[in-house]
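Report on the structure given below.
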2 protein chains.
Amino acid sequence: MEHGITAVITKLVFQLFIIIFLAKLAGEACERYLKQPSVLGELGVGMVIGPYALGGLITLPMIGVLFGVPHGAETSSIPVSIELYAVAQIAAVILLFVAGLETDLKKFIRYAGPAAVIAIGGVVFPFLLGAWAAVLFGVAESFKDPLALFMGAIMTATSVGITARVLTDIGKLDTPEGVTILGAAVVDDVVGILILAIVVSMAHSGSFSLAKVGMIAVKAVGFWLGLTVIGILLSKKISKFLLGFKSSGAIVAIALALAFFASALAEMFGLAMIIGAYSMGLALSNSPIAETLEEKMAPVYHALVPVFFVVMGMLVDFAAMRSLLTFGLVVSGLAIVSKVFGCGVPAMGVGFNTRGSFRVGIGMLPRGEVALIVAGVGLTTGVIGTDIFGVSIMMTLITTIMAPMILVPLFSKGGEGRRRKGIGSNEGLTGG
Amino acid sequence: MEHGITAVITKLVFQLFIIIFLAKLAGEACERYLKQPSVLGELGVGMVIGPYALGGLITLPMIGVLFGVPHGAETSSIPVSIELYAVAQIAAVILLFVAGLETDLKKFIRYAGPAAVIAIGGVVFPFLLGAWAAVLFGVAESFKDPLALFMGAIMTATSVGITARVLTDIGKLDTPEGVTILGAAVVDDVVGILILAIVVSMAHSGSFSLAKVGMIAVKAVGFWLGLTVIGILLSKKISKFLLGFKSSGAIVAIALALAFFASALAEMFGLAMIIGAYSMGLALSNSPIAETLEEKMAPVYHALVPVFFVVMGMLVDFAAMRSLLTFGLVVSGLAIVSKVFGCGVPAMGVGFNTRGSFRVGIGMLPRGEVALIVAGVGLTTGVIGTDIFGVSIMMTLITTIMAPMILVPLFSKGGEGRRRKGIGSNEGLTGG
């Protein structure tokens, strides 16, 4: 078939075969032999078959280079084709929509206060330490250098995606720590995206206007709160509307369409898509159709979500990381310390014991899609180079690999994470 | 977010929201009030919101023109973005994979003979009449003109996708007529793609080599038979391998990955992707995991397959159709007559009665993805212009709308379609 679009789609379909097949094999190996969540296997597959490793070397007849930067992709710093990246992003939307659906809304509201306190600690410390490291290593000239601000911004946002996936894999999404971690991760994603918006506008104009920063903040927070509250208020009506359909499959299809709508809306308001998807899932989590949706979405989730994590692994450029290895290791160390203490200490203040606080701190470790988005924007706007981009990937990678490795034994030993007895108790939780 | 790739993906996600939401509303309206299969509503939605209609006029903040030819899409004659087209093609793969899974393999083999006979009649007549019409209207100079051959090729291939969808919608996929129609549609897709390969190679080289034609034919038919037979032989082993996985969702994910593999392989061998997907589904249809797969694939199917049909509707360019309206109507008429008689008469010869033969003939009417692929290749290679492309779309559209409108009452009246009594009887069926 001598048809450009057909060749592109054939390549995509072949790539999806390779990605899903190997992801499931590696995931199975992780769970069965390494007793680790399968997400690590998926990231590993991505690193091995990505454009910077084997995938850039393997050439197939008709397909060409199996994974590699396609021509015409100069608009982007992301080294995979736009079609594959689009599938991965749709997978991220589904991941967060399902994570929202599986969240216990009542628990989420109960832990919203503590989550906010923990999120603030988990944003302020990493941001300051990241910017400081950039100045210390001479990478940035001063704290006011956009590069220092970017390095700080990259450090802030815990990956809701990876966190939700790890907690789901080990069945702890619904514990007090799980709900708190996810709530805090959502809040610090919102804050992280906010910081990004501010840093980008500063890097562009070269000036810092408090009024402008305030505007961006009000818009982003207002949108997120508004979407979630409106969603919750309308969820009964949405359920009733969907249950009225006679044609098969309408409920799942339209619910998914609404998740897409919320995702696009979030992006249009300057937030990340995944935040909209999570809000829509959260809004529907308390509705009569939540259980049906969870059950019907499961196969889509299992087939598609690994694509997101494999593609994340593919973004790792080993060569770019080499030149700044020491800086990268220091940044990674600071990323760990700043989150564990930045989140753990506030956690102790809002009712968790040492064990629970440590779980929360470790659960907040993994940076992921937002760090990659921030780093990508830095690269596109020319504020950071491929070396700092590599450092960001390294930090993302180390924190992502460490979190499940520590979190799994921390939870599997068992034991209450809260100081007060009784899961239902509400005392000491309103510290935020 | 000032990031090209993010804007592209935000637009895609918003488009998917619009497409899935409206498709389900229109589908429901079709089923409930018009008593027609929902696929017609989906095609209608595509025509209304496509780039040549409302979608080309509506402009949204951040999103831009809702549906329109994106810049950088000069490689293709398809007026939607490559990401959206990719999602639609993945949906087509899923459609055919599920159609294969739902096919009763034993029945398929039993009806393979009759199906082949019917397919041949349904290829020869439409090809000759299409080429003849092109010469008659002075569109082509002679029968040897590549344009005449293209017009013939566009007429040949029944859409397996639309046919399978209509038969599934009315619950008749598993009747003798249903199995025969689907079998014949698959065979004539293979033959249609074969004709395309030959016509394209003639248009390129300007010469006609019988050895070359033979080579292409042997390769294509050999590949298809080989894939199906190997798939059937390995299906028990594949089942056992998949049932060995402990991690959740592995069965569906890997089965889907295998469908992607077969699709890419088919395309690499010069066939269409959907043929590979159907073969893989057919191979697994008799395995122990078939029922699980059918059940788990249903939500993916219901959410994604409408995207394919809406995108098909979007390709209709009303303006391009205007200039050749008479020719278009004649071609559409010939497309109907040639399939109804070309398939109906052989059907009578292989054991169907008048009612059954008419059902088979009407079931073979809808042209779809293959006709569009052939027309698209013609446009890209410069053999046909946008006017003939418009005529092809018109013919595809009319046959696609007519088939379910006639087929639904033909089946709902009931009555045996075979001459011999007893569904299990094998007599008179080995005419092929």
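Values as computed for the structure displayed
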quantity	calculated
Residue check for A:GLY390: surrounded by 21 or more Cβ atoms within 10 Å (Cβ to Cβ), under 24 Å from A:GLU42 (Cα atoms) and out of contact with any helix residue (DSSP H, G or I) (no Cβ under 6 Å at 6 or more places or on another chain)	no
Only one of A:ALA262, A:ALA255 that is of a type in the set (Gly, Ala, Ser), modelled with pLDDT of 90 or more and over 17 Å from the mean Cα position of the chain (by Cα)	A:ALA255
Some residue of the stretch A:65-81 being under 30 Å from A:LEU284 (Cα atoms) and touching a residue at least 60 places away in the same chain (Cβ under 8 Å)	no
Which numbered condition A:GLU267 misses (of (1) within 20 Å of A:VAL377 (Cα to Cα); (2) in contact (Cβ under 8 Å) with a residue 24 or more places away in the chain)	(2)
Which numbered condition A:PHE17 fails, given (1) at positive phi; (2) facing another protein chain (nearest Cβ under 8 Å)	(1)
Failed criterion for A:LYS246 (all others in (1) facing chain B (nearest Cβ under 9 Å); (2) surrounded by fewer than 24 Cβ atoms within 10 Å (Cβ to Cβ); (3) not in a loop (DSSP other than H, G, I, E, B) hold)	(3)
Count of the stretch A:68-110 residues which are modelled with pLDDT under 75, more than 17 Å from A:GLU267 (Cβ to Cβ) and within 11 Å of chain B (Cβ to nearest Cβ)	6
Flag for B:LEU173 being outside any loop (DSSP other than H, G, I, E, B) and surrounded by fewer than 24 Cβ atoms within 10 Å (Cβ to Cβ)	no
Residue check, A:VAL383 within 14 Å of another protein chain (Cβ to nearest Cβ), in a loop (DSSP other than H, G, I, E, B) and touching a residue at least 60 places away in the same chain (Cβ under 8 Å)	yes
Residue list for the stretch B:308-320, restricted to those being of a type in the set (A, V, I, L, M) and either under 12 Å from B:THR396 (Cα atoms) or buried (at least 24 other Cβ atoms within 10 Å of the Cβ) (or both)	B:VAL310, B:VAL311, B:MET312, B:MET314, B:LEU315, B:VAL316
Condition met for A:PHE260 (surrounded by 24 or more Cβ atoms within 10 Å (Cβ to Cβ), within 12 Å of chain B (Cβ to nearest Cβ) and of a type in the set (Phe, Trp, Tyr))	yes
B:PHE125 touching a residue at least 12 places away in the same chain (Cβ under 8 Å), farther than 30 Å from B:GLY27 by Cα and among the hydrophobic types (A, V, I, L, M, F, W, C)	yes
Within the stretch B:30-67, tally of residues that are within 17 Å of B:GLY313 (Cα to Cα), in a helix (DSSP H, G or I) and within 12 Å of another protein chain (Cβ to nearest Cβ)	5
Wholly within the stretch A:267-368, helices (runs of 4 or more DSSP H) carrying at least 2 residues that are among the hydroxyl-bearing types (Ser, Thr, Tyr)	A:273-284, A:290-314, A:325-349, A:354-363
Selected residue [closer than 25 Å to A:GLY249 by Cβ and out of contact with any strand residue (DSSP E or B) (no Cβ under 7 Å at 6 or more places or on another chain)] from B:ALA272, B:ALA277	B:ALA277
Qualifying residue in the stretch B:186-207 (condition: out of contact with any Gly (no Cβ under 8 Å at 6 or more places or on another chain), in a helix (DSSP H, G or I) and either among the acidic types (Asp, Glu) or modelled with pLDDT of 85 or more (or both))	yes
Test result for A:MET297, touching a helix residue (DSSP H, G or I) at 6+ places or on another chain (Cβ under 7 Å), modelled with pLDDT of 90 or more and over 19 Å from A:LEU234 (Cβ atoms)	yes
Subset of the stretch A:360-377 that is over 14 Å from B:THR6 (Cα atoms) and among the small types (Gly, Ala, Ser) - its residue that is surrounded by the most Cβ atoms within 10 Å (Cβ to Cβ)	A:GLY363
A:VAL337 being aliphatic (A, V, I, L, M) and surrounded by fewer than 20 Cβ atoms within 10 Å (Cβ to Cβ)	yes
Breaking point among (1) buried (at least 24 other Cβ atoms within 10 Å of the Cβ); (2) not in a loop (DSSP other than H, G, I, E, B), for B:LEU234	(1)
Hits in the stretch A:288-342 - residues which are touching a residue at least 40 places away in the same chain (Cβ under 8 Å), among the acidic types (Asp, Glu) and within 14 Å of chain B (Cβ to nearest Cβ)	A:GLU294
The stretch B:120-146 - residue that is closer than 24 Å to B:PRO346 by Cβ and of a type outside the set (A, V, I, L, M, F, W, C) and, of those, surrounded by the most Cβ atoms within 10 Å (Cβ to Cβ)	B:GLY122
Of the criteria (1) surrounded by fewer than 18 Cβ atoms within 10 Å (Cβ to Cβ); (2) assigned to a helix (DSSP H, G or I); (3) not charged (D, E, K, R), which one B:VAL13 fails	(1)
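The values are calculated or read from the model by the stated rules, or taken from the named source; none is laboratory data. Bear in mind that the values here come from a model prediction, so they are computed numbers and not experimental data. Reconstructed Cβ throughout: ideal geometry from the backbone, glycine too, with neighbour counts over all protein chains shown.
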